[in-house]
Structure formats: C-alpha cells, structure tokens
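This report refers to the structure that appears directly beneath it.
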Amino acid sequence: MSSESLSEVHGSVPTHNKKGWRKILAFLGPAYLVSVGYMDPGNWATDLAGGSEFGYKLLWVLLMSNLMALLLQSLSARLGVVCKLDLAQASKQAYPKWANIPLYILAEIAIAACDLAEIVGMAIGLNLLFDLPLIWGVAITALDTLLLLFLLNKGMRTMELFIISLVSIIGFSFVVEMFIVGPVYGEVVKGMVPSSLSGNALYIAIGIIGATVMPHNLYLHSSLVQTRKIDPSTKSIKNALKFNFIDSAIALNLAFLVNAAILILAAAAFHVNGFYDVAEIQDASKLLENLFGKIAPTFFAIALIAAGQSSTITGTLAGQIVMEGHLKLRIQPWVRRMITRLIAIIPAIITILYFGEEALGRLLVLSQVVLSLQLGFAVIPLIHFNSDRKLMKEHTIKLWVKILAWVCAGIIVFLNIQLVINELQGWLVTAGDNAIYLYTIVIPLILACFALLVYIFIHPFIKPGELKKRLVPHAKGVDFIEGQPISYQHIAIAVDFSDNTQAIIQNAIKLGGKSANYLFVHVVESAAARYLGKNTLDHETQQDVNSLIQYQDKLISLGYNASHELGFGVAATEIAKIVNDQKVDLVIMGAHGHSGIKDLLFGTTVNKLRHKIDTPILIVQ
C-alpha cells in the first residue's frame, strides 16, 4: 500500500514502538467517547430526583451502577480487541434472521430514545443560558449534524479531544457548583454505604441504574477499541486488553464523579433546604438561582449543553455501527445522522406543541424507560460471546468474571423489568378510555420483547458453536476466467466483490493483454475504516485483503502483471488518490446499479470520481 496515504487517513492511532506512559496514552480515548453516555441529560433527571428526595442515601446505587458499567464495558472492549468484531456484527451471526431483525429494531429505538433525551437536555440548556424558547432549541439541535461531519473528517483523535474537552467542561462546572453549595462531606461518605431500598427510593434507584448502563455504549465501545493498531500476537492482545481496561476505569470513574456531583448538588442545595421533589431540570436551575444567585444556574446550563452535545455525537456513531452490523447496510454518514436526529426531534416537537414545555420532563423519563427495556438484549449476548472459548480462545473470561457478569446482568434486567412494570401500572391508572390501546398494543409488545429476551439467553446453550466469519456487507471474491487479451498499459480495476466482478476483470485483461500492469483497487467504507484508516484490522479489512490477493495471484498465475492496493474511507476520494499516485491510464469499474433515492442514501462513486481524475473510466454494467 502507498505510504503517502498515511497522512490523509482518518483516525490512524498506532500503538507499536511505544513504551511506558506513551503506550498508555496511545490507548486512551475510546472509553471517553463511551463515558459521555453515562452523564447525559437522562442521568441528570434521575440524579436530581434521588438527591432532592433522599439526600445522599442513594450514592451507593450510583457506585454500584458504575461498577456494573465498568465490568460490561470491559467485556465490550474485549470482544472488539480479541475478535475484531463489534457487538452488532457478532449478534448478527449468532442468532437467526427472525431474531436479528427485532434485535436491530430494538437497538435503533434505544438509540433514538437516547438521542431524544440529549435533544431535550440541550434545548433546556440553551433555554436556561440564553432564554431561547424550547421549540427553537430543539430545532437548532438538528444543526449539530454539521459538527459531527466536521469531526469525522478531522479524524478519530480530534473527535476524542473534542469529547474530552466537553467532559472537562462538565466536570469543571460541577466543581464550581460544589464550592457554591458546600455539601457535608461526612454525609457524602455515609451515602456510599449500601442501605435498604423500598417504595420510591427503589423506583428512583431502578431509574438510576437504567439511565447509567446504556445499551448503545456496548455496541459503540466494541467498535471504537478497534481504532488502535495492535499486533495479532497473544502478548499484544493481552496488553491491549489491559490498557483498554485502564482507559475504561479512568473514563467511567470520571463519569461516576459527575453523576455523583449532580446527586450531591441536589442533596446539598434542595434536600437540605426542604425541596424534596425536584425532578425537572428547569426547576433545579430556578431553585439554584434562588438559593445561590445567578452564577450557579449558569454553570449548570453550560454543563447541560456540553452533556447533550457530546452524548448525541457518540449516539450517532453507535447508530451507524448497529445498522452496519445487524443489517449489513451502509449509507452515507450525513444521511444516517439526519435520520437519527429527525426520529428524535419529531416526538420532542410534538410534545412541546400539544402537551406544553412542562411535559418534556415526562418525555425524558419515558426515554429512560425505553432504554431500560432494551438493555438486556445487548448485555446477554455480550456475556455469551465473551464466554465462548471457540470464539475468544485463551482470552475467554474466567469463571469468576463470568459469574459476576451474569449476576450484574440478572440485577440489571430484573430491575429494568420492574421499572417497565411500574411505568405500565402508572399508565393503566391514568389511561382512562385509552387503556384499550395498552392492552391491545403495548402489553403484547412488551410480552413479545420478554419472549425474545428469554430466547437470546437460551439459544447459545441450545446451539453452541463458533460464530461465522463472513461479517462484511458484501460477498467474498469470486473466481474468474481468462478472456482474450487486448493491448493496454496500466489499468486500475476497482472491485467491490459483487456478482459482476468477473465481467470487470475480463474487460480489463481484454483491453490490456499480458503486456499491461493491473492494479486491483478496493476501498473499505465501514465505520471503523473511516476512523482507523490504514490501521483498520477488523474482519472486513482482513477478508478484503485476502480477496485482492486472490485476484492478484490468479492473474499472475495466468501470466499477467498484477498488484493490489486497499483504500479506507470515502470510495471516490480513495480511488482518485490511488489512481493519481500510481499514474494509472485507465480505470475499470462496475455500475452501482441504483438511482434516485438510493443515490442519495448510498452515494454515487462514479459521478464523484470523474470530477477528481483526468483518467478515462470504463463502466461495466
């Protein structure tokens, strides 16, 4: 591969030839992107409710949730590092198609619900800081699509630095808040000791756990760890697992401190002053201003905006990973971003227009309920995969880790099911004439989800076995036959491993004959490739390289001169770069086979490529 492409690669993060603290720093980053999901506006609502009503007594629940999250995120990172698979890809291959489709739908609903919480949170933050109407704040959040695309183009390290900066703003804001409200630190320490839970304390504790351990983060983390280039040796993998655990421990503990700060703030500012029922973010800000002046709600709003913006970026990345993994469907990032954002914006706008701004708090709670319902569908497969010796080999988790993971999963699933039941009971009480819809639509859907949850738990025990290895959105390279050679000089053959690959290769060798040089070109367009670039080492990349080598070797065996080159990221840009660098005088490629709306969704490589090169292009239908 051409060395010139290294400077243009998005998110290339090498880890070799680094020692000591430089080695650790090379691995730090992915967990910070994950950690922002643990401090999003959905967490704020549960933390504020817990602190205002029960003071410091629920701090131990936050601590327990953080330990659970650390265990599960480390399992997610292990899956990505060892198998070069994200959780969506592994689930796609482990379960039958009829189960995979609802698993994908549930994951998408959870991501939209998470995005909804972040939209509402950011809109509230803009309202508190600039007195901007909530309806306009919700609309403005659609513009952060441009921010995400800018960060994607700047690479993985830039995105990580941006997210870390936002997390730092959140942390600094709450450090200032702590100095303002002055909590009783002796009571804070006592709050870390477990105590019995009942009534509303149990309900809020369930909400804290449901808002803390988020399903989309498990998909995201298993993909982001692949942004680090590591050798495939056992020693290198073990070191990567160790450094990723350090990354997770630091990032998630920072997230715990932020959540704990919110709860402590609510306890010190509201509970101590007799305000026991503060769950609305706007109410919390007004009370802070009444109690401590304007400086307190200002930092509160800044932290809220930073939390909403950082969380929505990582939620979109998770959505892209889930779609590619579960459906083997790849669309352009900006389209994916707009779909996710619109799905979340529409219910927020409808709520404001028809139910009023005061209903946004209830919408936040509803988004956390939806997240809770989906959590088990990510946690259970994750533990199964990490326990599979055929898949993980010597990196399979130890028995005590497996037991601890299943205990955590059991607690999380039980408490989240209890949360859903409690919410459903509340809806039944207030539904009135609309209760018929709950009985005919909502309850059957919940029961179907529960049946699916049971199935994904028992399926690996019934049909154990190694996951299939064809985990890419296209088929493997196919064999081809030699046609009549036609004289030509230097031909680039752009292949996508589709059914018309044979026709493309035949046209090339007929035009060039055995005197020409042939360059097989393919561009990896996965989510990982956009961030890792040349350092991508996942299954898709390895298979693509093998397929290109297969084509190359076959041509050489037939007496032709052949080589290959792999690009990463945007197909048109990478092909143009290779063609210009290699001084190719003819490009042969297949037609994309779609038009209209599909062009908008999937892009048109040929149209973009012809504007980037002077070399003639032969399109084979």
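Throughout, read-outs are computed from the coordinates displayed, never taken from laboratory work. A quick note: this is a predicted structure, and the numbers were derived from the prediction, not measured. Cβ atoms come from the backbone with ideal geometry, glycine included; neighbour counts cover every protein chain shown.
Cβ crowding within 10 Å, taken as a proxy for footprinting-reagent exposure, orders I262, I345, I331, I421 from fewest neighbours to most as I421, I331, I345, I262.
Among D277, D47, the ranking by other beta carbons within 10 Å of each residue's beta carbon, starting with the fewest, stands as D277, D47.
Separation of the range 158-224 from the range 506-561 is 48 Å, based on Cα centroids.
Each of H522, H611, H539 was scored by other Cβ atoms within 10 Å of its Cβ. Arranged with the fewest first, they read H611, H539, H522.
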